[in-house]
Structures are given as structure tokens and as C-alpha cells.
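**Student:** The following block contains the structure, expressed as C-alpha cells.
The numbers here are math on the coordinates, done by the rules we state, and not lab data. These numbers were taken from a predicted model, which means no experiment stands behind them. Heads up, the Cβs are rebuilt from the backbone with ideal geometry, glycines too, and the neighbour counts pull from every protein chain shown.
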Amino acid sequence: VTPRRIAVGGIVLAALAWFITLPPIVARTLVPSVILAVGAVAAGVYAATRDERRFGITAAALGVVAVIISAAMTGSSPHGVRSVFAWGALISSMLVFATPLLYAALGGIVCERSGVINVGLEGMMLTGAFFGIYGSDVGHSWVIGCLIAAVAGGLLALLHAWFSIHLRANQVVSGMAINFLALGITGYFFVAHYGTNGTPPNVPQIPNVTLPLVGHLGFIGVGIGSVNLLTWLGLLLVPALAWFLFRTRWGLRTRAVGEKPRAADTVGLPVLAIRYVAVVVSGMLAALGGAYLSFGFGDSFSNNMTEGRGFIALAAVIFGKWNPFGALLATLLFGFSTALAYRLPALSGTLATLFQALPYVLTLIAVAGWIGRSRGPAAAGIPYVKE
Amino acid sequence: MAICGLFAGIAASLDVLGWQFQIATNDITTSQIGFLGIAVALLGRNTAVGTVIAALLFGALETGTSVRNLDQTVFDPNLAPYLTLMIEGIVVLLVSTDVIAVRLLGLHRGLLPRRRTPEGEGAL
């Protein structure tokens, strides 16, 4: 029994302390939660005083948080707790909120792995959202909508690529400019084309995939029984991208360009071309995430409808340590906290707002190095100048 | 950075206490003012005087295209704010690189003062 294991046990105890106040148990007194949480804090303190400071402090802090949240749970009506924590609905809305983040985060990973920072993800999502629904409306088909979304996002990304690769712009600044530009372009065409009425109500939407036989799986069946096609595609993209980045020749080359472009150039890799492709692909992925927002899950476009999701996706890239699986975990976590934030006002408005801030808090913790080193590609943000 | 936060806090309080007189949970984030602030600082090339001038330019762009101030016959006031955003985007895009300015003015690199950007922004 090492101190680290005791600290991990403490973290589990803290989670349990909260869990017993939720369905299916729904404890109505605070006593068992407090006992478990005290155990968590004790384990944390024990570990923290024996050279496991990080895990120990985490366990102790989680114990304190668990008591506060459990108190909020036991203090509200059991009916309310059951309706907010309906696990099936919670899982399906977690997937809904995670999907656009996942696409944008995967795009961000591709881009940053090749050594270009992409702060313009937000704008590329927005472009995808508008031009996707526009294409779907005009072309009477969601496939055409997706294609046009990807093309529009790719074009905007091409602009970012040209500025940050050829014109050697400051990539953060150029990305910000892309965001403004996207906000302006989508807003302009939206108002010019659709006027004050908004998008028409009968735009073809990306269909849901209804799985047979999952009805017997209880709450999981409710959660994943009828999920959008783009969600499944995004979940498949995660291992595909991981395989590409870490198992194929071109993935290795992309990473080499992001880490040491000089060395990659010396062995004859087309550094600039690889970066161009990576940035454009990232724009296309982000645009698909936006398309999911406007005509996948939703059925209309509104100005600035991405509302900062691109930036949360950037946070997910960092939180996931520039790894597709890490990003998937991060987006699921962020999606869960957003889903909870949407359902929590039934119990407590303040708690709901706190959960909305969770992605940012977690990212700060990640950047501060609390979950191990989160270090990006070495050459990200530095324009490459050939000798 | 503490001073930076101090200024940003004053900026937001000016908006709320001096003009809006009300606040909702997501007022500031939806109004893009923070990001415009970064754009203004960049356009002012991170100098105090330049920032004032850049802020005046962006302020003029914003108020000049607001629904209240724009003549209906000149340009559709519903579209104008988006045109402003596009212009701001293009301005920031052009500010992000000095290669174009250097080419256009026929200057060599080094004649222009190096833009001092905060280092260590690293990978975002």
C-alpha cells in the first residue's frame, strides 16, 4: 500500500460520497456522505504528508467539494434530484454537447501537431455552421450541406494558413482575426440572405442513427440509442486520427514538422506543404463541428451561435495533452458538465452556473501542470523560415 | 498580469456602470469587447498612444455603423455591424504580419521597429 494508492482511494471515496446522493440511491441524509468525505480528506492528508502532494491535495480538495455538492443534493427534493440526474438523458445530452467540441478539438490537434496554432477554430466552426445550413437549404440535402460546410471552413483555414505560414504572421493574432472575419461574414450573409426571419424551418438535417437492440441496456440504451450520425463519425475519427498521428509515416512527418521543422526540412520533408494541409484539414473538421450545431442537433442558425465553443475546444486540446483520446475524454467531461449545467437550474441556479465554469477551471488546473506535464508541440506558433 | 486584469476590470465596469446600468450572467462574453480590446492593442502596436488612436478608430467603426446612427438610405443598418466586424477582422489580419507592409512600402525588415509581442504565449 503506497501513499499514492491511498490518495487514489481517497479520490474514489470522494466520488462515492457524491454518488450516493444521486439516483439510483438518492440518500436523504448527509451523514454517510460526510463520513465518506472525511475518509477522503484523511486519506488525502495522509498521502500529502508522505511525498504524494499532488494526489493527496487532490483527494482532500475533492472530499471538501463532495460534501458541499452532497449537501446541495440532500437539501433539495428527491424528485428534483431524480429528474436532473436521469442518467440516460444526461448521457445523450453529454454526447450532444461534446460532439461539436470533439470535431473542433480534433482539428486543433491536427493543426497544432503540425506547428501552427489555431485560435481561429471558433470562426471556422461558425463558418461551417452557417454555410452548412445554407448548403443544406439550397441543395436540399444534408450531404451537400456537410460538403459545403467543410469547403467553407477549409477556405477560411486556408486564409489562416497563408497568413501564418507564408506571411509569417503572429498565429494567435491571425487566428483572432479569423474569428472576427467569420463573425462578420456569417452575420452579413445570414442577414442578407435570410433577413429577419431566420433560416427556414424545413432544412434537411443530419439524421440520427437509431441502434436496434439497445433498448434492453437500461440507461445506456436511452443514452446512445438514437444519436446523430456525426457523433458516431466523430467517435470513430478519434482512433483513426490517433492511428494516423502515431502509427503512420505521414503522421510521424506531421509531428516532426511540429516539433523540429528545421530537422524535418533537412531530411527533405515539405514543411510548408504539410502545414498547409494540416491547417486546412483542421478548418474542415471544425466546420463539421459547426455544421452539427446548426443542422445536426439543431435546425437553425443564429448569429454567433458557436458562443465560444471553439475556445473550449482549444482548452480540450490542452487538457487532452494534444492526444486524440485525451481530447475525447476532455470533450466528454466538458460536455457532461455543460449538460449538467443545463439541467441543474431545476435544483439550484448558482450550482448550474458553477458547472458551466468547470471546463475553464479544469483547463487552468491542467495548464498549471497538476495532471502531469501538458506540453504542446515545440514549434507551435513559430513561423518556419527556410534557410 | 495583475495590472492587466485591473485594466480589464475597469473596462468592464465602465461598460456596466456608465452605460448599460444592468448586468446579466453572459453580457460581457457575448459582447466580444474583450477580444476587440486585444485587436485594439495590436493595432496600436502595443504602445499607449497607439492604443488610444486604435481604440478611437474601432469606436468610430462601431458607433458609425450602429442601427441608431446610420442613415437608412446609405447602407442597410441591419447589415452594417457585420461589415464592421469584417473590416475589423481584415485590419487585425493585416496587423498580424508585417511582411505585407514591408513589401508595399519597399522597406527592408529592420527599418520598421520590431513588433513587441508578449513572448511565452506559446502553444495555445
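**Student:** Per residue of region A:332-340, what does 6.51 cos²θ - 1.76 cosθ + 1.60 with θ = phi - 60° give for ³J(HN,Hα)? Whole Hz please, x for Gly and Pro, Karplus curve as stated.
**Tutor:** Listing the rounded values in order: 5, 4, 5, x, 5, 5, 5, 4, 5 Hz.
**Student:** Right, here's the next one. If you wrap region A:201-357's Cα atoms in a convex hull and average its projection over all directions, what's the area in nm²? Mind dumping the intermediate values first?
**Tutor:** Details: hull surface 50.2 nm².
Result: 12.6 nm².
**Student:** What is the Cα radius of gyration of chain A over 2.2 N^0.38 Å, N being its residue count? Each step should come with its number before you reach the end.
**Tutor:** Working: Rg = 22.7 Å, N = 387, 2.2 N^0.38 = 21.2 Å.
Rg over 2.2 N^0.38 Å, computed on Cα atoms: 1.07.
**Student:** In Å, what Kirkwood hydrodynamic radius results for region A:100-171 from the alpha-carbon pair distances? Please report the intermediate quantities before stating the final value.
**Tutor:** Values: mean 1/r = 0.0791 Å⁻¹.
This gives a value of 12.6 Å.
**Student:** A further question on this structure: Can you give the FRET efficiency to the nearest 0.05 for A:A42 and A:V361, using r as the Cβ-Cβ distance and R₀ = 22 Å? Provide the component values of the computation, followed by the final result.
**Tutor:** Numbers: r = 25 Å, r/R0 = 1.13.
Taking R0 as 22 Å, the efficiency between A:A42 and A:V361 is 0.35.
**Student:** Moving on to the next point. Whole angstrom only: what separates the Cα centroid of region A:230-307 from the Cα centroid of region A:200-224?
**Tutor:** 27 Å
**Student:** Still on this structure: If each of A:S77 and A:L329 carries a label point 7 Å out from its Cα toward its Cβ, how far apart are those two points in nm?
**Tutor:** That separation, rounded to one decimal, is 3.9 nm.
**Student:** Okay, next question. Could you give the C-alpha radius of gyration of region A:46-205 expressed as a fraction of 2.2 N^0.38 Å, taking N as the number of residues it contains?
**Tutor:** Numbers: Rg = 22.5 Å, N = 160, 2.2 N^0.38 = 15.1 Å.
That works out to 1.49 for region A:46-205.
**Student:** To continue, here is another question. Counting partner chain Cβ atoms within 10 Å of every residue's Cβ in A:159-169, what's the average?
**Tutor:** On the way: counts 2, 2, 0, 1, 6, 2, 0, 2, 8, 4, 9.
Neighbouring Cβ atoms belonging to other protein chains average 3 per residue here.
**Student:** Please list, in chain and number order, the residues 5+ apart from A:V209 or on another chain whose amide H is under 5 Å from its amide H, with Hs placed from the backbone.
**Tutor:** It is A:V227, A:N228, A:L229, by chain and number.
**Student:** Under 8 Å for C-alpha pairs, at least 6 residues apart: give me the relative contact order for chain A, rounded to a whole percent. Mind showing how you got there, number by number?
**Tutor:** Numbers: 745 pairs, mean separation 97.6, N = 387.
Worked out over chain A, it gives 25 percent.
**Student:** Taking Cα atoms of region A:132-279, Rg/Rh with Kirkwood Rh, to two decimals? Don't skip to the end; give the middle numbers.
**Tutor:** On the way: Rg = 20.3 Å, Rh = 18.9 Å.
Rounded to two decimals, Rg over Rh is 1.08.
**Student:** May I pose another question? Calculate, for A:A263 and A:A240, the FRET efficiency according to 1/(1 + (r/R0)^6) with r their C-beta to C-beta distance and R0 25 Å; round to the nearest 0.05. Please report the intermediate quantities before stating the final value.
**Tutor:** On the way: r = 27 Å, r/R0 = 1.08.
The formula returns an efficiency of 0.40 here.
**Student:** Here's another thing I want to ask about it. By count of other Cβ within 10 Å, fewest leading, how are A:C111, B:C4 ordered?
**Tutor:** On the way: A:C111 35, B:C4 9.
Least crowded to most crowded, the residues run B:C4, A:C111.
**Student:** OK, next. Counting pairs of alpha carbon atoms under 8 Å apart in space and at least six apart in sequence, what relative contact order in percent does region A:174-254 give?
**Tutor:** Once divided by the residue count of region A:174-254, the mean separation gives 17 percent.
**Student:** Moving on to the next point. Quick one: 3J(HN,Hα) in Hz for region B:32-38, Karplus 6.51/-1.76/1.60 with θ = phi - 60°, rounded, Gly and Pro as x.
**Tutor:** Karplus values, whole Hz, x for Gly and Pro: 6, 4, x, 5, 4, x, 4.
**Student:** Ok, one more. Averaged over its residues, how many other protein chain Cβ atoms are within 10 Å of peptide A:190-197's Cβ atoms?
**Tutor:** On the way: counts 2, 6, 4, 0, 0, 1, 1, 0.
Counting Cβ atoms of other protein chains within 10 Å of each residue's Cβ and averaging gives 2.
**Student:** Kindly rank B:77-84, A:241-248, A:209-216, A:58-65 from highest to lowest mean number of other beta carbons found within 10 Å of each residue.
**Tutor:** On the way: B:77-84: 18.6, A:241-248: 15.2, A:209-216: 10.5, A:58-65: 21.0.
Per-residue Cβ counts within 10 Å, averaged per peptide and sorted highest first, yield A:58-65, B:77-84, A:241-248, A:209-216.
**Student:** Which residue, A:E122, A:E52, A:E112, has the most motion in a Gaussian network model of chain A that connects Cα atoms within less than 10 Å?
**Tutor:** Sorting by GNM fluctuation, first place goes to A:E52.
**Student:** With θ set to phi - 60° and the Karplus curve 6.51 cos²θ - 1.76 cosθ + 1.60, what are the ³J(HN,Hα) couplings of region A:112-123 in order, to the nearest whole Hz, using x for Gly and Pro?
**Tutor:** Residue by residue, region A:112-123 yields 6, 4, 8, x, 10, 6, 10, 7, x, 3, 4, x Hz.
**Student:** So if R0 is 22 Å, what FRET efficiency would B:V74 and B:I33 give, r being the distance between their Cβ atoms, rounded to the nearest 0.05?
**Tutor:** On the way: r = 26 Å, r/R0 = 1.18.
Efficiency, rounded to the nearest 0.05: 0.25.
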